[in-house]
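Student: I have a structure I would like to understand better, so I am pasting it below and will then ask my questions one at a time.
The values are calculated or read from the model by the stated rules, or taken from the named source; none is laboratory data. If you're wondering where the values come from, they're calculated on a predicted model, not measured in any experiment. Quick reminder, even Gly has a Cβ in these numbers, built from the backbone with ideal geometry, and neighbours come from all protein chains shown.
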Amino acid sequence: MLAASVALYLHLRHRSMPPIAVTELILFGLLLGPVLEESFFRGCLLPLLAQATGKTIAMILTAILFALFHQPSDLAHWMSFTVTGLAYGSIRVASRSTMAAAAMHAAYNFALFLLAVF
């Protein structure tokens, strides 16, 4: 649903996703990006922050840092990255698995690219 919201926003603002080759989509959007980002933000940073601040604050802080990392250009993108960061954090905390968050991240990216194409 989050990916559909972003795709709808882009459509209504007459913006489009930059074209991306299928090999780059698979390599960066579905494998390296989600695994590396989730390994850092939810696998490393979230547990460290949770020890000092508690799980909820750690999830919020890592979501904000995740949004900053993606350099959003407007409020809608800030919200999108922050909300998805919170979703990835909550799945990480609930499942105790960084790979679950990475799988959700990859699924989101895949849905976003599919919705942007069609």
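Student: Which one of these is surrounded by 18 or more Cβ atoms within 10 Å (Cβ to Cβ), out of contact with any strand residue (DSSP E or B) (no Cβ under 7 Å at 6 or more places or on another chain) and aromatic (F, W, Y): F110, F81, F28, F69?
Tutor: Within the list F110, F81, F28, F69, the selection yields F81.
Student: Would you check which residues across the stretch 42-66 are among the hydroxyl-bearing types (S, T, Y) and surrounded by 15 or more Cβ atoms within 10 Å (Cβ to Cβ) and list them?
Tutor: Of everything in the stretch 42-66, just one residue is among the hydroxyl-bearing types (S, T, Y) and surrounded by 15 or more Cβ atoms within 10 Å (Cβ to Cβ), namely T62.
Student: How many residues are at pLDDT 95 or above and not in a helix (DSSP H, G or I) when one looks only at the stretch 96-118?
Tutor: Of the residues in the stretch 96-118, 2 are at pLDDT 95 or above and not in a helix (DSSP H, G or I).
Student: Give the number of residues within the stretch 94-107 that are buried (at least 17 other Cβ atoms within 10 Å of the Cβ) and not small (G, A, S).
Tutor: Total satisfying the criteria: 3.
Student: Shifting gears a bit: On the basis of being polar (S, T, N, Q), surrounded by 14 or more Cβ atoms within 10 Å (Cβ to Cβ), within 26 Å of S95 (Cβ to Cβ) and modelled with pLDDT of 95 or more, does S39 make the cut?
Tutor: Here the answer is yes, as S39 does meet what is asked.
Student: Sticking with this structure for a sec: Output the qualifying pairs, or none if there are none: Cβ atoms under 9 angstrom, residues six or more apart or on different chains, first residue in the stretch 77-95 and without any contact (Cβ under 8 Å) to a residue 24 or more places away in the chain and in a helix (DSSP H, G or I), second residue buried (at least 17 other Cβ atoms within 10 Å of the Cβ) and of a type in the set (K, R).
Tutor: From the stretch 77-95, the pairs are I91/R42.
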